[in-house]
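As structure tokens, the structure follows; a few thoughts come after it.
The values are calculated or read from the model by the stated rules, or taken from the named source; none is laboratory data. These numbers were taken from a predicted model, which means no experiment stands behind them. A quick note on method: Cβ atoms are made from the backbone with ideal geometry, for glycine too, and the neighbour counts reach across all protein chains shown.
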């Protein structure tokens with residue numbers, strides 16, 4: 001009986017390894033946005049569709065993927081879907097948050113639209 005109890009405790013404390021998420025490659029159409037911005041979106045609350053304040057280098061918009069989905073490109077830290085375009089855009093369309101204010105507005109314009117291979121984490 002003690003052996004069974006001991007085995008149960010050992011198994012309960014043993015680390016369980018979660019499976020690695022599958023990464024699905026997508027040829028993505030990327031654009032870049034700033035918010036809040038008095039130049040292109042006056043009156044914006046500055047909040048994302050998920051209700052949080054966007055973070056430059058983290059927040060990305062997508063109309064299809066669930067909030068919290070991670071998007072990878074190379075060795076960079078992942079972006080996280082935290083916002084929506086609000087226009088029924090396809091899954092391969094992303095908008096990356098680059099910051100707030102006039103400098104971020106200019107950066108978004110300079111980056112324009114690009115096509116990148118990104119990897120979407122499958123949940």
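Here residue 74 qualifies as more than 12 Å from the chain's Cα centre (by Cα), closer than 16 Å to residue 120 by Cβ and at pLDDT below 90. Determine whether the range 46-63 contains at least one residue that is touching a helix residue (DSSP H, G or I) at 6+ places or on another chain (Cβ under 9 Å) and surrounded by fewer than 18 Cβ atoms within 10 Å (Cβ to Cβ). Yes, the range 46-63 contains a residue that is touching a helix residue (DSSP H, G or I) at 6+ places or on another chain (Cβ under 9 Å) and surrounded by fewer than 18 Cβ atoms within 10 Å (Cβ to Cβ). Among the residues of the range 75-85, those that are surrounded by fewer than 22 Cβ atoms within 10 Å (Cβ to Cβ) and either out of contact with any strand residue (DSSP E or B) (no Cβ under 9 Å at 6 or more places or on another chain) or in contact (Cβ under 8 Å) with a residue 24 or more places away in the chain (or both) comprise 75, 76, 77, 78, 84, 85.
Scanning the range 77-98 for residues that are at pLDDT below 90 and closer than 17 Å to residue 46 by Cα gives 85, 86.
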